[in-house]
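Shown next, in structure tokens, is the structure this report addresses.
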Amino acid sequence: MRGSSAIGRIAALIALAVAVVVVVTLLGAGGEEDYEVTAEFENASQLVNGNEVVVGGTPVGTVSEIELGPDGQAFVSFTVGEEFAPLRRGTTATIRSPSLSQVAGRQVQLTLPPSSAGGEEIESGEHLTQAETVSAVDLDQIFNTLSPKTIRDIKHVIQGFELSYQGVEQRANKGIRYLNPFLSTSRRVFGELTADQRALENLIVDTSKLSGAVAERAPDVSALIGNLNRMMGALGDRRAELAESISKLPDFMRQANTTFVNLRAALDDVDPLVDASKPVAVRLQPFLATLRAAADDAVPTIRDLDAIVKRPGADNDLVDVTLLQPKLTRRAIGSGSPDCGSGPLNPADLQVPADDDFTQGAFGEAVCSLTNGEANLNMFRAYTPELVGWFDDFGHSGTIDAISGLGRIETTFNTFSFSPVSGTPCVLPILPGCAGTAPDTASEQIAALDTGNTRRCPGANERPLGPADPSDDSVPFTDGGNLTGEPTDEHVGDCDPSQVAPGP
């Protein structure tokens, strides 16, 4: 019995000691002070004790006390949970209104600095200066800064919105419902743009250079816009054709699918060519720069050509000339191949027209004219040396060869220039019948002359290259005897090769 009582007393003492330790622990823990900071605001903005203190929308404490400062500012004391305590310098406290449904619906929002940019720790009981706080601005404060006239104008604007949305309320509500995602998306877009400051600066600088380059080409841009306007106007005038083309586009795309698939394989085959062209492309840069300058210089020419090809009005451009080509073709070609008769070598057949009414066209008539004139041309061709020599005599009277100079003179008399002179020496011993003195009578003198040379052949005034060779018939020129016969179907001339100039 005594042993059992002793054991019971010992157990009771141990339990009492444990209870004392627990109570002391709890009392010690409950005696710890919460982390508290006092922030200095320009005004309390309708804060009340018990308002939330949030970080990133998460409650982390409450407003514990609001006092009036010596200069009319508000001292707001609030607690912060252990997770975010202690705060660091660079923290900003802002009074915000999370809702308009209650008068005193305010909260203190803490914006914490990045861990790498935070300052020294703020001990419990220290202050945030007014430079580290932002007071809320109520809507009525904004209106109080406006003049009565401005307020009346704002009312008129609101009434105008009412009239503009009247009857389209549902569509307006639908648009406003999509406004929030648009703004949030825009915020993310601008956040990405400002995330890389250097890239944004380069973009702005490059955009400025692009705008400057476009401004320098203002006439070209104006011309481009004008051409686009005309193009869109032309497309608008062809709405039916455009609609038909669009309706055929799906079938075209389906048919083009196979082509595109084959093109993908062809592009793989072109890769070696592209790789081989890369070194050449570098060398082509100077040429392309010159070509660009040439293209710029060609703009006025192209513009002039455009005016030549097509311009308003009738019969004043290349298109109108092209339309006249069929008529010109009919005038030139006529009824077909020319029919000029059967070999008009006989003078009686010369100048045979192509047809009676000249319907074979200008080309046919020209062919027949040349064909009918072939006999005359054949005859005149043989006298070409005489014609050239006649012109040549105006420059010099003879020729020069390897031996010496040569001049040939021929005197021609007519019946009115010869007078008999008795006893005149014979100055032309080469004349037939001249024996040293001139004949006394006119009849004897005329008889002594070589007259009646009216059928000389071409080159009759020249001598053969080989006088000792009787087979040399190079002069006079008889065209193989074609010029010595009577004019017939086979011969077109009549000359006598024996009629030559006197003398050696």
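The values are calculated or read from the model by the stated rules, or taken from the named source; none is laboratory data. Every value quoted in this text rests on a predicted model; they were computed, and no experiment measured them. Here Cβ is always computed from backbone atoms with ideal geometry, including for glycine, and neighbour counts include all displayed protein chains.
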Is it the case, given these coordinates, that Pro70 is exposed (fewer than 15 other Cβ atoms within 10 Å of the Cβ), in a strand (DSSP E or B) and at pLDDT 85 or above? no
With respect to Ala131, determine if the residue is without any contact (Cβ under 8 Å) to a residue 40 or more places away in the chain, out of contact with any Pro (no Cβ under 9 Å at 6 or more places or on another chain) and assigned by TED's automatic domain parsing to the domain that holds Ala44. yes
Do we have any residue at all in the range 59-67 that's surrounded by fewer than 16 Cβ atoms within 10 Å (Cβ to Cβ), over 20 Å from Glu126 (Cβ atoms) and modelled with pLDDT of 85 or more? yes
Pairs please, first residue from the range 472-492 and assigned by TED's automatic domain parsing to the domain that holds Ala460, second anywhere and outside any loop (DSSP other than H, G, I, E, B) and at pLDDT below 65, Cβ atoms under 8 Å, 6+ apart in sequence or on different chains. Pro487/Pro347; Val492/Pro347
Reported set for the range 453-473 where residues are at pLDDT below 75 and exposed (fewer than 12 other Cβ atoms within 10 Å of the Cβ) is Leu465, Gly466, Pro467, Ala468, Asp469, Pro470, Ser471
Quick check on this structure: which one of Val189, Val214, Val205, Val221 is at pLDDT below 85, part of a helix (DSSP H, G or I) and among the β-branched types (Val, Ile, Thr)? Val189
Give the residue that is nearest to Leu203 (Cα to Cα), with candidates limited to residues of the range 163-186 that are assigned to a helix (DSSP H, G or I) and aliphatic (A, V, I, L, M). Leu183
The condition from (1) at pLDDT below 90; (2) within 15 Å of Ala136 (Cα to Cα); (3) surrounded by 16 or more Cβ atoms within 10 Å (Cβ to Cβ); (4) not basic (Lys, Arg) that Val76 misses is numbered (1)
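Per-residue answers, yes or no, for (1) touching a strand residue (DSSP E or B) at 6+ places or on another chain (Cβ under 6 Å); (2) in a helix (DSSP H, G or I); (3) among the hydroxyl-bearing types (Ser, Thr, Tyr):
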{"position": "Val76", "(1), (2), (3)": "yes, no, no"}
{"position": "Phe84", "(1), (2), (3)": "yes, no, no"}
{"position": "Gly119", "(1), (2), (3)": "yes, no, no"}
{"position": "Glu123", "(1), (2), (3)": "no, no, no"}
{"position": "Gln141", "(1), (2), (3)": "no, yes, no"}
{"position": "Lys149", "(1), (2), (3)": "no, yes, no"}
{"position": "Lys155", "(1), (2), (3)": "no, yes, no"}
{"position": "Gly160", "(1), (2), (3)": "no, yes, no"}
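Okay, residues lined up against (1) surrounded by 10 or more Cβ atoms within 10 Å (Cβ to Cβ); (2) farther than 30 Å from Ser45 by Cβ; (3) more than 34 Å from the chain's Cα centre (by Cα):
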site	(1), (2), (3)
Lys149	no, no, yes
Tyr165	yes, yes, yes
Ala172	yes, yes, yes
Glu201	yes, yes, no
Thr207	yes, yes, no
Pro219	no, yes, no
Look at the range 125-139 and say how many of its residues are over 58 Å from the mean Cα position of the chain (by Cα), buried (at least 16 other Cβ atoms within 10 Å of the Cβ) and in a strand (DSSP E or B). 2
So, of the residues in the range 294-313 that are loosely packed, with under 10 Cβ neighbours inside 10 Å and among the small types (Gly, Ala, Ser), which turns out to be farthest from Pro219 (Cα to Cα)? Gly313
Quick one: would you say Val134 is modelled with pLDDT of 85 or more and touching a Leu at 6+ places or on another chain (Cβ under 9 Å)? no
